[in-house]
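First comes the structure, then the notes that go with it.
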Amino acid sequence: MKNLLEVENLKVNFRTKKERLRAVRGISFSLKKGETLCIVGESGCGKSITSLSIIGLLPSNGEIAEGSIKLDGNELLGKTENELEIMRGNEISMIFQEPMTALNPTFTIGFQLREPLMIHKKMSKKEATKKSIELLEKVGIPNPVEKLRQFPHELSGGMRQRVMIAMALACEPSLLLADEPTTALDVTIQAQILELMDELKRQMGMGVVFVTHDMGVVAEIADRVMVMYAGEVVEIGDVDRIFNHPQHPYTKGLLGAVPNVDDEEHHLNIIPGSMPNLDDEISGCRFHPRCPYAMDICRKKNPTTFQVTSSHQSKCWLQEVTDVDRLHTTS
Amino acid sequence: MLVLIVRRLFQLVLLLFGISFIVFMSMFIAPGDPAAIIAGPTASASDLEAIRASMGLDKPVLVQYLDYLAGVLHGDFGYSYQTGQSVSDAIISRFPNTFKLAVASMIVAMAIGIFAGIISAIKHNSWIDFSSTTIALLGVSIPNFWLGAMLILVFAVNLQILPVGGLSYSIFSLEGIKELVLPAITLGTASAALIARMSRSSMLEVIQSDYIRTAKAKGVKKRSIVWVHALRNAMIPVITIIGIDFGALLGGTVITEQVFAINGVGRLMIDAIAARDFPIIQGTVLLVAAIFVVVNLIIDIIYALIDPRISYD
Ligand SMILES: Nc1ncnc2c1ncn2[C@@H]1O[C@H](COP(=O)(O)OP(=O)(O)OP(=O)(O)O)[C@@H](O)[C@H]1O
Ligand code: SF4
Ligand SMILES: [Mg+2]
């Protein structure tokens, strides 16, 4: 099947007073229609920046230095702000982490929900209101007519996130970006929201890029998983490959860091050390100072991305060794 | 909302009692004998005695104060020592000028201040922002008498397109509007500068907020992001400044009234103080206090209208 989203060698820099920070360092991935790709990794590894680049909403001091982002074969980089405005909320939507602050406190839910419909679908206010009521029903909000007249502060966090979802899906986008949409919610609400998103994705057949650092969430919704470390993609593959045959030492560490609820003795197995700052220059593999498998070559040369299977990649020198082993054993 | 209004009006009554008492007492401590002011320099001791008796100035202070309060309750604020005009007539003849001037100045200040502040914020760190913040700084620091005099020199004396001063025509006539222009600009400049600074910083903060990012992610056009989504939120702190300025303007603006020869409350008060015309002083001080409370009340009501999170019930 043709790819819905293709990101090629994306590099994002930030200008600060002192220097230029390289937040995303040449990442590539793709997403098919109807597929959910989870981006995981520690705080600060560039998950949000990656998704914000796709919708063209980087912070003002950020810039895409290089690369290509194609939606349905259409290059997004280099589009004018006007062209992007037409796509945002229409073909690409985004849901954010903080339901408490992501809605405008001074406008009603109705106003905010009608907006994308009136902008993109050129609906009249009346039509948009009708559609808004349907949308609120769809995301499981009781008393939708009354909710339209309320302000965000009158709704609970879970309800607000449902409103956000309704808003993002109003124009039936082909790509939904979700940046930790459930992190700020408590566990039961979180499960409900995940289920809702999954169901809506199925109904609409859109592609979803879902940012999270919660491996439990990944297990629940992902088709594919992309693991990021310090601005790079270190491993990407189908969800069962990543969980059952993780290749990259960092992925293994992350999986080990999932708390095991069945085993009370099993504590969080956190990867020792911490992620480098954006301005730290690290020779070779950026993970090597924390990697239990680090070899000589790791300190000297940045690993290339190795193909583990046709749809599974790992950016680690260990892969070369196994490849070589495999070569030796087969020859 | 009603609760708020009732509570504030109650506060207002208490405040006016307190202020009237303080002002009344301070006039007794202040030097200067009202009887001497009324009688003039040639009056004899027995003349003064007679005046004191007729005005009740020989009674104990507290009794005088109670007499005054009783009068106030009947709408009688006393009579000017200088002119014999009743205090309420004196204020009523001056207040419309002050009110017109305050409203006109505030319109100038808000139109310029909000617009400049917001343009500054969305073009922040550009040359537009730089020039606007520089002009704002100038606006705050230029003294009114100088600005007023310069405006008169240029527009009234040299170009002769606007009158030199006075405020005598109806506001609904061209003359009435023309004579307001220069004093309104003079008074409005300082407020405009403050409002611009406040709008700029408030807007800068708002456009970085999550809900603005949400609006962008929906595909809302840049123009309506700024003038619809951000503006309402950004105005919340600015309204405080506008209220304070407006209250101050309504209390009279001595220097500008002087420069433009406008008969306003400011000059009434200053003249009264210079002449120890106590009833007028007392009346204008009460007026200023009442204006202060009422303007604050209006601001709180506007707050609630703009920000749905605020409720006074
Ligand atoms: N406006 C900015 N200016 C400078 N650096 C920034 C800016 N925004 C983000 N960064 C840096 O870019 C890096 C990637 O940030 P990003 O927000 O993508 O992290 P993340 O993976 O989403 O983390 P989290 O899990 O905490 O949300 C971080 O190191 C962050 O400090
Ligand atoms: S390349 Fe080397 S240091 Fe980097 S993850 Fe692989 S083994 Fe560890
Ligand atoms: Mg993030």
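What follows is calculated from the coordinates using simple rules that are stated; it is not laboratory data. Since the structure is predicted, the reported quantities are computational estimates derived from the model, not experimental observations. Cβ placement follows ideal geometry from the backbone for every residue including glycine, while neighbour counts extend to all protein chains displayed.
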Ranking B:Gly165, A:Ser311, B:Leu297 by how far each Cα lies towards the positive end of the charge dipole of the protein assembly as shown (+1 on Lys and Arg Cβ, -1 on Asp and Glu Cβ), the top one is B:Gly165
May I ask which residue of B:Leu14, B:Pro34, B:Gln85 lies farthest towards the positive end of the charge dipole of segment B:2-87, with charges of +1 (Lys, Arg) and -1 (Asp, Glu) on Cβ and the Cα centre as origin? B:Leu14
Peptide A:144-155 - average C-beta neighbours from other chains (10 Å radius): 1
Interchain or long-range residues, amide H under 5 Å from A:His312's placed H: none
Could you run the Karplus curve 6.51 cos²θ - 1.76 cosθ + 1.60 with θ = phi - 60° over segment B:196-210 and give me ³J(HN,Hα) per residue in whole Hz, x for Gly and Pro? 5, 5, 5, 4, 4, 5, 5, 5, 4, 5, 5, 6, 8, 7, 4
Once you place label points 7 Å from the Cα toward the Cβ at A:Gln307 and B:Ala275, how far apart are they in nm? 10.1 nm
Evaluate the relative contact order of segment B:185-313 (contact order divided by residue number), counting alpha-carbon pairs under 8 angstrom at least 6 apart; express in whole percent. 23 percent
Hypothetical label at B:Ser170: residues of segment B:83-114 whose amide nitrogen lies under 17 Å (7 Å Cα-Cβ projection): B:96-97, B:100
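Of all the Cα-Cα pairs you can form in chain A, what percent are over 24 Å apart?
58 percent
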Nearest 10, in degrees from 0 to 90: the angle of helix B:87-122 to the longest Cα principal axis of chain B is 20 degrees
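Between A:Lys32 and A:Asn61, what length comes free when the chain is fully extended (0.36 nm per residue of separation minus the Cα-Cα distance, one decimal in nm)?
Gain on stretching A:Lys32 to A:Asn61: 7.4 nm.
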Mind listing the Cα extents of segment A:1-160 along all three principal axes, in Å, largest one first? 49, 38, 29
Using the structure shown, list the pairs from A:Lys130/B:Lys216; A:Lys147/B:Lys123; A:Lys33/A:Lys147 with a Cα-Cα distance above 28 Å, or answer none. A:Lys147/B:Lys123; A:Lys33/A:Lys147
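Where does the charge balance sit around A:Lys125 when Lys and Arg score +1, Asp and Glu -1, over other residues with C-beta under 13 Å from its C-beta?
+4
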15 Å reach of a label modelled at B:Val181, 7 Å along Cα-to-Cβ, counting backbone N of segment B:121-157: B:151-157
Given a Förster distance of 45 Å, the FRET efficiency implied by the Cβ-Cβ spacing of A:Glu195 and A:Lys18, rounded to the nearest 0.05, works out to 0.50
Based solely on its DSSP helices, what 222 nm [θ] is calculated for the protein assembly as shown when runs of n ≥ 4 H residues each add -39,500 (n - 2.57) and the sum is averaged over all residues, nearest 500 deg cm²/dmol? -17000 deg cm²/dmol
Let me check against my output: what whole-number percent is the relative contact order of chain B, with C-alpha pairs under 8 Å and at least 6 apart? 27 percent
Just the ratio, please: alpha-carbon radius of gyration of the protein assembly as shown over 2.2 N^0.38 Å, N its number of residues. 1.37
Along the Cα→Cβ direction, 7 angstrom out, place labels at A:Asp279 and B:Ser131. What is the inter-label distance in nm? 3.5 nm
Report, please, the projected area of segment B:243-313 averaged over directions, based on the convex hull of its C-alpha atoms, in nm². 5.9 nm²
If amide hydrogens are placed 1.01 Å from N in the peptide plane, which non-local residues have theirs closer than 5 Å to the one on A:Thr36? A:Val208, A:Asp223, A:Arg224
Hey, quick one: spin label on B:Val154, modelled 7 Å out along Cα-Cβ, who in segment B:250-271 has an amide N within reach, i.e. under 19 Å? B:256, B:259-260
Which order do peptides B:6-19, B:283-296 fall in by mean Cβ count within 10 Å, highest first? B:283-296, B:6-19
Can you work out D for segment B:1-146 in µm² s⁻¹ from Stokes-Einstein, where Rh is the Kirkwood radius over C-alpha pairs, the temperature is 10 °C and the viscosity is 1.306 mPa s? 78 µm²/s
FRET efficiency (B:Phe17, B:Tyr312; Cβ distance; R0 25 Å; to 0.05) is 0.55
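Using unit Cβ charges (K, R positive; D, E negative) and no other charged atoms, how large, in debye to the nearest 20, is the dipole of the protein assembly as shown about its Cα centre?
So the dipole magnitude of the protein assembly as shown works out to roughly 1460 debye.
What translational diffusion coefficient, in µm²/s and rounded to a whole number, does the Stokes-Einstein relation yield for segment A:104-171 at 10 °C and a viscosity of 1.306 mPa s, taking the hydrodynamic radius as the Kirkwood radius over Cα pairs?
Calculated translational D: 138 µm²/s.
What FRET efficiency would be calculated for the residue pair A:Glu137, B:Trp227, taking the C-beta separation as r and a Förster radius of 41 Å, to the nearest 0.05?
0.80
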Is there a simple number for the mean count of other chain Cβ atoms within 10 Å of the Cβ of residues in B:217-229, and what is it? 6
So, relative contact order of chain A in percent, Cα under 8 Å, 6 or more apart, is 19 percent
